[in-house]
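See structure below.
The values are calculated or read from the model by the stated rules, or taken from the named source; none is laboratory data. As the structure is a prediction and not an experimental result, all values here were calculated from the model. Don't worry about glycine lacking a Cβ; one is built from the backbone with ideal geometry, like all the others, and counts go over all protein chains shown. Surface areas here come from the heavy atoms of the whole protein model, side chains and all, with no ligands, DNA or RNA. Shrake-Rupley method; radii C 1.70, N 1.55, O 1.52, S 1.80 Å.
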Amino acid sequence: TRDNPENAVKKIWMDVLDVRAVGTHDDFFDLGGNSLSAVRVINRIDEMFGVEIPLKLFFQSPTTASIVSLLTRNSPD
């Protein structure tokens, strides 16, 4: 899943939000997310990619496209 970070992030969102599909530009909070589920997503992303995304940044950029952009910029690889 690290080979395709966008699909990995979408899968995390689908699991946490219990939704069937997530688009690249769907807003996490419009899909039913809240601050608690955002923290769960951030923790799973950190476990998978070793990148800590600050909650404030997640709130500012709540789409998979923007999260993947943060991942690729901050990846420890």
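Quick one: how many residues across the stretch 50-65 are crowded, with 18+ Cβ neighbours inside 10 Å and either out of contact with any Gly (no Cβ under 9 Å at 6 or more places or on another chain) or farther than 15 Å from SER37 by Cα (or both)? Full working, then the answer.
Initial filter on the stretch 50-65 (crowded, with 18+ Cβ neighbours inside 10 Å): 51, 53, 58, 62-64.
Next, from what is left, pick out any that are either out of contact with any Gly (no Cβ under 9 Å at 6 or more places or on another chain) or farther than 15 Å from SER37 by Cα (or both): 51, 53, 58.
Number of matching residues: 3.
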Quiz item: Which residues, counting only those in the stretch 1-29, are closer than 19 Å to GLY50 by Cα and among the polar types (S, T, N, Q)?
Solution: THR1, ASN4, ASN7
Exercise. Tally the residues that are closer than 19 Å to ARG73 by Cβ and either part of a helix (DSSP H, G or I) or touching a Cys at 6+ places or on another chain (Cβ under 9 Å) (or both), restricting the search to the stretch 1-37.
Key: 7
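Considering only residues that are open to solvent by less than 30 Å² (accessible area, probe 1.4 Å) and either more than 17 Å from LEU36 (Cα to Cα) or free of Cβ contacts under 8 Å to residues at least 12 places away in the same chain (or both), which ones fall in the stretch 10-23?
If the condition is that a residue be open to solvent by less than 30 Å² (accessible area, probe 1.4 Å) and either more than 17 Å from LEU36 (Cα to Cα) or free of Cβ contacts under 8 Å to residues at least 12 places away in the same chain (or both), then VAL22, GLY23 are the ones that fit.
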Quiz prompt | Subset of the stretch 39-49 [open to solvent by less than 70 Å² (accessible area, probe 1.4 Å) and either of a type outside the set (D, E, K, R) or out of contact with any Asp or Glu (no Cβ under 9 Å at 6 or more places or on another chain) (or both)] | solution = VAL39, VAL41, ILE42, ILE45, MET48, PHE49
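So, ASP26, is that one in contact with a helix residue (DSSP H, G or I) (Cβ under 9 Å, 6 or more places away or on another chain), surrounded by 14 or more Cβ atoms within 10 Å (Cβ to Cβ) and among the charged types (D, E, K, R) or not? Steps first, please.
On the way: in contact with a helix residue (DSSP H, G or I) (Cβ under 9 Å, 6 or more places away or on another chain): yes; surrounded by 14 or more Cβ atoms within 10 Å (Cβ to Cβ): yes; among the charged types (D, E, K, R): yes.
Taking the combined requirement at face value, the residue satisfies it.
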Quiz item: What single numbered condition from (1) free of Cβ contacts under 8 Å to residues at least 24 places away in the same chain; (2) touching a helix residue (DSSP H, G or I) at 6+ places or on another chain (Cβ under 8 Å); (3) open to solvent by 60 Å² or more (accessible area, probe 1.4 Å) fails to hold for LEU36?
Solution: (2)
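Considering only residues that are farther than 16 Å from ALA65 by Cβ and in contact with a helix residue (DSSP H, G or I) (Cβ under 7 Å, 6 or more places away or on another chain), which ones fall in the stretch 39-54? So that I can check it myself, show each step before the final result.
Restricting attention to the stretch 39-54, the residues satisfying the condition of being farther than 16 Å from ALA65 by Cβ are 39-40, 42-44, 46-48, 50, 52, 54.
VAL39, ARG40, ILE42, ARG44, MET48, GLU52 - these are the residues of the stretch 39-54 that are farther than 16 Å from ALA65 by Cβ and in contact with a helix residue (DSSP H, G or I) (Cβ under 7 Å, 6 or more places away or on another chain).
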Quiz item: On the given criteria, is THR72 open to solvent by less than 50 Å² (accessible area, probe 1.4 Å), within 16 Å of ALA8 (Cα to Cα) and in contact (Cβ under 8 Å) with a residue 40 or more places away in the chain?
Solution: no
